[in-house]
Amino acid sequence: MEYKELSEPTDALALLKMLKKRLRIFHDEEDEMLKDILDASVEVVTQFTGVTNLENATYRNLILTRAMYVFNDQAEFFFENYRTEINDLALMDGGEHVAEQKTANA
């Protein structure tokens, strides 16, 4: 994921800013580590849900929450605590793809 200034509020830089705000980090010294954590979180959440749209608030929140868990060395508890949200998002996204395929095939 590229971290440059973009106009979209849901880009990688915006995610970094949101994560720093949640973690109450007001300096830039840890940005590279936080970017790595966010990249991994995007990959993991996408793998489990199939969602790639950062405009989806649930998807975005799961990425940020997982990043917070990783930052605090608690990653093993993320899936246990957010299993329902992950499953709901995966099912919702799957339903959207099915509807799009039916429309395209009609």
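Structure notes:
- Screening Glu32 on (1) open to solvent by 50 Å² or more (accessible area, probe 1.4 Å); (2) more than 18 Å from Leu13 (Cβ to Cβ) shows it passes everything except condition (2).
- Inter-residue pairs, beta-carbon under 8 Å, first over 17 Å from Leu23 (Cα atoms) and in segment 33-46, second among the basic types (Lys, Arg) and assigned to a helix (DSSP H, G or I), 6+ apart: Val44/Arg66; Val45/Arg66
- The residues of segment 50-65 that are hydrophobic (A, V, I, L, M, F, W, C) and outside any helix (DSSP H, G or I), listed by number, are Val51, Leu54.
- Hits in segment 13-29 - residues which are aliphatic (A, V, I, L, M) and either open to solvent by 70 Å² or more (accessible area, probe 1.4 Å) or more than 9 Å from the chain's Cα centre (by Cα) (or both): Leu13, Ala14, Leu16, Met18, Leu19, Leu23, Ile25
The values are calculated or read from the model by the stated rules, or taken from the named source; none is laboratory data. All of these numbers come straight from a predicted model, not from anything done at the bench. Positions of Cβ are backbone-derived with ideal geometry, glycine not excepted, and every protein chain shown enters the neighbour counts. For accessibility, only protein heavy atoms count, side chains too; no ligands or nucleic acids. Shrake-Rupley method; radii C 1.70, N 1.55, O 1.52, S 1.80 Å.
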